[in-house]
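The values are calculated or read from the model by the stated rules, or taken from the named source; none is laboratory data. Fair warning: this is a prediction, and the values are worked out from it, not measured in the lab. Neighbour counts run over all protein chains shown; Cβ positions are idealised from the backbone, glycine included. We work out accessible area using only protein heavy atoms, side chains counted, and drop any ligands, DNA or RNA first. Shrake-Rupley method; radii C 1.70, N 1.55, O 1.52, S 1.80 Å.
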Amino acid sequence: MTVSVVAPLLRGIALAAAGPGGSVVVASAPLPPVLPADAVRIDIADDDEAAAFTALRAAYSRRAAGAPALFAANLAGAGEFLLAAASDIDAARVLVAGGAVPSAGRAPAPAEADSKGSAAGRDRVVSGRIALVTGGAQGFGEEIARGLAASGALVWVADINGDGARRLAAELTAKAGRTAAIAVAMDVTSEESVADAISEIARTTGGLDLVVSNAGVLKAGSVLDQELGAFDSVTRVNYTGFFLVAKHAANLMRRQRLGHPGHRTDIVQINSKSGLAGSNRNGAYAGSKFGGIGLVQSFALELVEYGIKVNAICPGNFLDGPLWSDQEKGLFVQYLRTGKVPGAKTIADVRAFYEAKVPMGRGCEGPDVMRAIYYLVEQEYETGQALPVTGGQVMLT
Ligand SMILES: NC(=O)c1ccc[n+]([C@@H]2O[C@H](COP(=O)([O-])OP(=O)(O)OC[C@H]3O[C@@H](n4cnc5c(N)ncnc54)[C@H](O)[C@@H]3O)[C@@H](O)[C@H]2O)c1
């Protein structure tokens, strides 16, 4: 029995005790030489999840009135660990380090003032929640990580670019004056990498309330000559990567819900307008995104049993993001060089061409996507949908 299985079970039990809207983070650490006086001892003798859950629930209710939720768990085959449940990660870390925190923990973090990517009033739906953003180091992922952190969530910034993820997480934490973000290295195309990252999340924060599967790549190419390798690599990140993230995250979310069957969680795939309408000379990308909608609908049907909603957001072009605006390899420079936009002589001409395709006259931005995320999390009666955020460029039929 591993800590990454036990910690989510404990989080669910503590969430149920915290009541509606309560937030709970579970932190774990190897057992220290001297056990904190408040720690409740618990033995988990075998690899049976149901038996572990029953033992944990009994231990949780055995605590003295007002005592912190602190457990010294002996896990068969894995060793001894200290686990603590508290209302935020900083309080939980103090408890496992042997310090004292008021038993109720701190109040859930309020939404913070500088909320670049938030939408006034909506952001409370993620305050105090634990979120994962894949591909979170730059572009839309960075915008989403910033928006969620500014709204009071604890954000796991997962990216193949570990340095970028660490830089962003450190910045968000420094700005918030609390642990607002934690970086984790993750290559969404590798099952081992995804499984390791999700285990680290389970051990460190006990669970997840919101998964934003955002990592994605674009390699444009004609069906007449695109190399199979390029086609496969796009499919592997955008399509298979979403499957791997959903698979491992959903198991964690299912486990944490055992103790709190009313707990609702969300998986949101950042899809694209190219998941709703074909994209000329860009079939690998559009195909992977259309496939993503099929996965969203299918996962939604299956995971509804575990209180997990699964939806996609289909943004229009993020013209101010690095994919388009990078001065060396961005799409504006590429399209100018290759003459893709007839008559365009400058980057401004290329940009104007793409803006003119949007009825609302501008590219999609971080706050547009954040509003869609808040809506999907807040909405209790929808799953399996693909929500366009395209300024009217693509309309549902
Ligand atoms: N930029 C747009 O105009 C646009 C429009 C609609 C949808 N989207 C979608 O938004 C998402 C983000 O796109 P973006 O434009 O911000 O891209 P981006 O290239 O700016 O950022 C993508 C991030 O994903 C990371 N990444 C790439 N491969 C990864 C892997 N295997 N594992 C983990 N991380 C990986 C990168 O390191 C990077 O930090 C994608 O799914 C994309 O399809 C983008």
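Using only Cα atoms and rounding to the nearest 10 degrees, what angle (0 to 90) does helix 241-257 make with the longest principal axis of the chain? The angle comes out near 30 degrees.
For the chain, rounded, prolate or oblate, judged on the Cα gyration tensor with a ≥ b ≥ c (square roots of eigenvalues), a/c < 1.5 rounded, else prolate if a/b > b/c? Taking the square roots of the gyration eigenvalues as a ≥ b ≥ c, the chain is prolate. Rounded to whole numbers, the Karplus 3J(HN,Hα) couplings from phi for the range 270-283 are 7, 8, 5, 4, 6, x, 10, 8, x, 10, 4, 6, 8, x Hz, using 6.51 cos²θ - 1.76 cosθ + 1.60 with θ = phi - 60°, and x at Gly and Pro. With a Förster radius of 56 Å applied to the beta-carbon distance between ALA78 and VAL333, the computed FRET efficiency rounds to 0.60. Sites counted here are trypsin sites (Lys or Arg not before Pro) in a DSSP loop (not H, G, I, E or B) having no more than 10 other Cβ atoms within 10 Å; the longest part of the chain that contains none of them is 1-328. For the range 3-96, the share of DSSP beta bridges that are antiparallel, to the nearest 5, is 70%. Per residue, the solvent-accessible area of the chain (1.4 Å probe, heavy atoms of protein chains only, all protein chains present) comes to 43 Å².
Restriction of the chymotrypsin sites (Phe, Trp or Tyr not before Pro) in the range 220-276 to DSSP coil positions whose beta-carbon has at most 11 other beta-carbons within 10 angstrom yields no sites.
If R0 equals 22 Å, the separation of the Cβ atoms of ALA17 and GLU380 corresponds to a calculated FRET efficiency of about 0.50. The GluC sites (Glu not before Pro) of the range 187-292 that meet both conditions, a loop assignment by DSSP and at most 13 other Cβ atoms within 10 Å of the site Cβ, are GLU227. Listed values for the range 310-320 are Karplus-derived 3J(HN,Hα) couplings in whole Hz (6.51 cos²θ - 1.76 cosθ + 1.60, θ = phi - 60°), namely 10, 9, 10, 10, 10, x, x, 5, 8, 5, 8, and x replaces Gly and Pro. The GluC sites (Glu not before Pro) of the range 293-355 that DSSP puts in a loop, and whose beta carbon has at most 14 other beta carbons within 10 Å, are GLU328. Here the accessible area of the chain is 54 percent carbon and sulfur, with a 1.4 angstrom probe and all protein chains present. Residue separation of THR54 and ILE347 scaled by 0.36 nm, minus their Cα-Cα distance, works out to 99.2 nm of gained length.
For the pair ARG62 and ARG167 in one chain, pulling the backbone fully straight at 0.36 nm per residue adds 33.6 nm over the alpha carbon distance.
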